[in-house]
Amino acid sequence: MRGRRGARLLDAAAVVVGAVVLGLLLGLAGLPSPALFGGLVAGLVRALAVRVPDRLPEHAGTAGQAVIGVAMGALVDLGTLRAVAANWLPVLLVTVATLLLSLLAGAALRLHRGISPVTGAFAMIAGGASGIVVMARELGADARMVAVLQYLRVLLIVLLMPVVAATAFGATAGAGIVPDDPAAPGLLAGLAFTVACGVAGLVVGRLLRVPVAALLGPLVAAAVADLTGLSGGAEVPTLLEGAAFLVIGLQVGLSFTRDSLRTIGRALPLALAITAALVLACAGLGALLAAATGASALEGYLATTPGGLYAVLATARDVGADVTFVLAVQVLRLFVMLFSAPLVARWLRRSHPR
């Protein structure tokens, strides 16, 4: 009995260490969400190498969702709301159009056999990739397919965005770099903010029976704390956020099987074509948004880029674009996508019963 328990602990330690090392290497390579990718790959390798199935404790996944929810909610501030309010109609129309394009892309992905309506839609939802991956399994989608295709799109965007910004819009790197704020709250304030919003949001979300309460409850709690000034500018500590993404990555990676990997591989050509069309369509929406709001063409492009939020903000800051406007559009879309996801899943299950 002790030998079996020791073997399980050694197995778990090896997977976690492998995930951390992979995450660090991917971070050095500049890839988006390295901790999530590291966990996903380490979990996948373990799942394929050892036929005995394994899974993370449920409370670990819940904690990971709560931390990510707080991190997303902390993106909201008064400046973001003012930027949305100043151009609310065109921003809202572009956001709704993006959701409709995502659903159309998801329907097209179902041309490949074996992909359910909910999985197709979630795999192609443009925006909020981290949150969509987190809630996919709970809402009835294949989290493995969703994770691979969501982050494939994000990876393509992150790699191409600087090139497009420079060649298509004549952006110059280094034009908007600003120093970090030395007065920002420290680690303890960030931990207190994360724990308070995570616990309060989770409890209230479950009491109100909010779908995916572990993610959406803390997200709303953090947004309220930010808008009311209760947060004092605190944010989720980087290491804690990375640990949460690693947990979610492991959760998805450990669920892989050889059959699921083959299914994803067969779907990749079609998924790549649909993703390319979706990225181009969003760029077109960016041009319309720029024309309607008076923003520059570059700001419209960055504001509507379907994924890679932190990379988009880094690029906007680096080239001297209006970061507040870009963040406002991106955050509004993130909220719309995450809060509409449970409704979309319910509608698709009713429209396409098995």
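The values are calculated or read from the model by the stated rules, or taken from the named source; none is laboratory data. Remember, it's a predicted structure, so these values are computed and weren't measured experimentally. All Cβ positions, even for glycine, are placed from backbone atoms using ideal geometry, and neighbour counts span all protein chains on display.
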* Structure fact -> Per the list (1) farther than 15 Å from Val252 by Cβ; (2) at pLDDT below 90, residue check on Ala47 breaks on (1)
* Could you give me the residue pairs with C-beta distances under 9 Å whose first residue belongs to the stretch 136-157 and is small (Gly, Ala, Ser), whose second residue is in a helix (DSSP H, G or I) and surrounded by fewer than 22 Cβ atoms within 10 Å (Cβ to Cβ) wherever it lies, and which are 6+ apart or on separate chains? => Gly140/Arg349; Ala143/Arg137
* Inside the stretch 154-175, can you point out the residues that are modelled with pLDDT under 80 and more than 25 Å from the chain's Cα centre (by Cα)? -> Gly170, Ala171, Thr172, Ala173, Gly174, Ala175
* To do: Could you please find all residues in the stretch 277-296 being part of a helix (DSSP H, G or I), free of Cβ contacts under 8 Å to residues at least 24 places away in the same chain and farther than 14 Å from Thr95 by Cα?
  => Leu280, Ala291
* Only one of these conditions is not met by Glu299: (1) charged (D, E, K, R); (2) without any contact (Cβ under 8 Å) to a residue 40 or more places away in the chain; (3) closer than 24 Å to Phe122 by Cβ; (4) crowded, with 17+ Cβ neighbours inside 10 Å. Which number is it? -> (3)
* To do: Take the stretch 55-81 and flag every residue that is free of Cβ contacts under 8 Å to residues at least 40 places away in the same chain and in a helix (DSSP H, G or I).
  => Glu58, His59
* Structure fact -> If we ask which residues in the stretch 275-323 are in contact with a Pro (Cβ under 9 Å, 6 or more places away or on another chain), more than 27 Å from Pro34 (Cβ to Cβ) and of a type in the set (Ser, Thr, Tyr), their number turns out to be 1
* Given the structure, is Gly307 among the small types (Gly, Ala, Ser), in a loop (DSSP other than H, G, I, E, B) and under 17 Å from Gln150 (Cα atoms)? -> yes
* **Odd one out for Val203, checked against (1) without any contact (Cβ under 8 Å) to a residue 24 or more places away in the chain; (2) surrounded by 18 or more Cβ atoms within 10 Å (Cβ to Cβ)** => (2)
* Report yes if Gly308 is free of Cβ contacts under 8 Å to residues at least 24 places away in the same chain, closer than 28 Å to Gly79 by Cα and of a type outside the set (A, V, I, L, M, F, W, C), otherwise no. => no
* To do: Search the stretch 243-294 for residues being among the polar types (S, T, N, Q) and either surrounded by 15 or more Cβ atoms within 10 Å (Cβ to Cβ) or at pLDDT 90 or above (or both), and hand back the single one that is farthest from Thr194 (Cα to Cα).
  => Thr263
* When the residues of the stretch 94-118 are filtered to those that are free of Cβ contacts under 8 Å to residues at least 24 places away in the same chain and hydrophobic (A, V, I, L, M, F, W, C), which remaining residue is farthest from Pro306 (Cα to Cα)? -> Ala107
* Structure fact -> The condition from (1) of a type in the set (A, V, I, L, M); (2) modelled with pLDDT under 85; (3) outside any helix (DSSP H, G or I) that Val84 misses is numbered (3)
